[in-house]
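Here the structure is laid out as structure tokens; the discussion comes afterwards.
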Amino acid sequence: MSAPAPIFVAGTGRSGTSQLANVLGEHPQIHRIPIETRFIIDPGGLRDLADALTIRYDPIVGDDALRRLSDLLTVRLVGRRDRDRGHTVPEAIGERHYWDAVGRLWTELVASTFDESVPAAGLGHADWPAGPFEPQSHRRAIPRYFGDRRELIEILRRAVDTMFGGAAADAGKPTWCEKTPFNLLCMDFLWELVPEATIVHIKRHPVAVVASHVDQPWAPTTVDGALAWLKPVYDRWLTWKTTADLTERRYVEVKAEDLATDWPGQRRTLFELLGADDFATRSTFQSHNLEHRNDQFDPGTREYIERTLDRVIPAMGYA
């Protein structure tokens, strides 16, 4: 069987995305990028840049988008280590691949640069001269305008290929898998960037997702807070899905509960849908790892959650 296409894993968060990515990354043909890379769909990333240099273009918007992307790629992702795995993004991908891609971007995205004079802090108050350490100028970039969006997308795709493809090649594997839960809300852009990619959406019962969120340090700690966080995610996803034509897309939707109920059979089906041979991975889905959330809420709280998500639960495929 030929190598599978690149894979993006998506979900609401706390739905099994990490475990699914682990499973996929243990397949001999699929390299898991071992960290949420953050630079494709996060604010200031490639998705924002694509709009800023095309449909939202003006020199100010473009300069801001380039500045935010530079800060993301050269400051934030370099200095922030993943909570669970201890890597920075460049370390997880491979320093050489990461910086090769980042360095090439600026020559392809920037038309010109100039230094804008910065008035002294005392200007207008007897025109005091600038202090000895005040900046005298501010570096500005004039971004390219891409009338043909496809040209820009090809540049961004090459950066992704350099990073993710290089990491996969280093691991001796022909393709890669990247997991960021909110890939769920950015599928149109991900397919624009990598048209042949398969997006795997893993679902879990929404009540269990709420229960898991209230236990996370990065999420609201109350039921009302978790519902305020999650319900718009579900609503936006379900609204998008009613208008999306997925018939010509590589899209796979699985339930964590189904994977746990019949792991060998569901695993075999999953790999088949991805265009890969079955493989007995070390990581699995097991019912006891999912069912421990079933009794987390008292009956009244569970009823309240189900009432709040009364349309979401059946729409996500749960009774």
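Please go through region 278-319 and pick out each residue that is within 17 Å of residue 254 (Cβ to Cβ) and not in a helix (DSSP H, G or I).
Here is the first cut: in region 278-319, the ones within 17 Å of residue 254 (Cβ to Cβ) are 278-279, 281, 283-287, 289-290, 315-318.
If the condition is that a residue be within 17 Å of residue 254 (Cβ to Cβ) and not in a helix (DSSP H, G or I), then 278, 279, 281, 283, 284, 285, 286, 316, 317, 318 are the ones that fit.
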| task | Name, by its number, the condition in (1) under 30 Å from residue 271 (Cα atoms); (2) assigned to a loop (DSSP other than H, G, I, E, B) that does not hold for residue 57. | result | (1)
| Among (1) within 16 Å of the chain's Cα centre (by Cα); (2) open to solvent by less than 10 Å² (accessible area, probe 1.4 Å); (3) within 20 Å of residue 192 (Cα to Cα), which single condition is residue 53 missing? | (1)
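Determine whether residue 58 is closer than 25 Å to residue 201 by Cα and acidic (Asp, Glu). Don't jump to the end; show me each part of the working.
Details: closer than 25 Å to residue 201 by Cα: no; acidic (Asp, Glu): yes.
No: the conditions fail for residue 58.
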| query | In this structure, does residue 156 turn out to be over 18 Å from the mean Cα position of the chain (by Cα) and open to solvent by less than 20 Å² (accessible area, probe 1.4 Å)? | reply | no
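Matching residues to (1) in a loop (DSSP other than H, G, I, E, B); (2) open to solvent by 10 Å² or more (accessible area, probe 1.4 Å); (3) at pLDDT below 95; (4) closer than 20 Å to residue 284 by Cα:
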{"position": "2", "(1), (2), (3), (4)": "yes, yes, yes, no"}
{"position": "23", "(1), (2), (3), (4)": "no, no, no, yes"}
{"position": "31", "(1), (2), (3), (4)": "no, yes, no, yes"}
{"position": "37", "(1), (2), (3), (4)": "yes, no, yes, no"}
{"position": "43", "(1), (2), (3), (4)": "yes, yes, no, no"}
| message | So, in region 71-89, exactly how many residues are open to solvent by less than 40 Å² (accessible area, probe 1.4 Å) and either among the polar types (S, T, N, Q) or more than 19 Å from residue 49 (Cβ to Cβ) (or both)? | response | 2
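Have a look at 61, 78, 89 and point out the one that is of a type in the set (A, V, I, L, M) and without any contact (Cβ under 8 Å) to a residue 12 or more places away in the chain.
Values: 78 fails: without any contact (Cβ under 8 Å) to a residue 12 or more places away in the chain; 89 fails: without any contact (Cβ under 8 Å) to a residue 12 or more places away in the chain.
When all the criteria are applied, what remains is 61.
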| How many residues does region 304-316 hold that are surrounded by fewer than 12 Cβ atoms within 10 Å (Cβ to Cβ) and either among the β-branched types (Val, Ile, Thr) or more than 12 Å from residue 205 (Cα to Cα) (or both)? | 2
| task | Please find, within region 168-186, the residue that is nearest to the chain's Cα centre (by Cα) out of those that are buried (at least 22 other Cβ atoms within 10 Å of the Cβ) and outside any loop (DSSP other than H, G, I, E, B). | result | 183
| Do you know which of the residues in region 253-271 that are closer than 18 Å to residue 26 by Cβ and open to solvent by 50 Å² or more (accessible area, probe 1.4 Å) is farthest from the chain's Cα centre (by Cα)? | 264
| query | Can you tell me how many residues in region 272-319 are more than 24 Å from the chain's Cα centre (by Cα), closer than 16 Å to residue 16 by Cβ and among the hydrophobic types (A, V, I, L, M, F, W, C)? | reply | 0
| field | Single match in 204, 236, 250 (criterion: buried (at least 16 other Cβ atoms within 10 Å of the Cβ), under 24 Å from residue 307 (Cα atoms) and under 19 Å from the mean Cα position of the chain (by Cα)) | value | 204
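The values are calculated or read from the model by the stated rules, or taken from the named source; none is laboratory data. Keep in mind the model is a prediction, meaning the values are calculated, not measured. Reconstructed Cβ throughout: ideal geometry from the backbone, glycine too, with neighbour counts over all protein chains shown. For accessibility, only protein heavy atoms count, side chains too; no ligands or nucleic acids. Shrake-Rupley method; radii C 1.70, N 1.55, O 1.52, S 1.80 Å.
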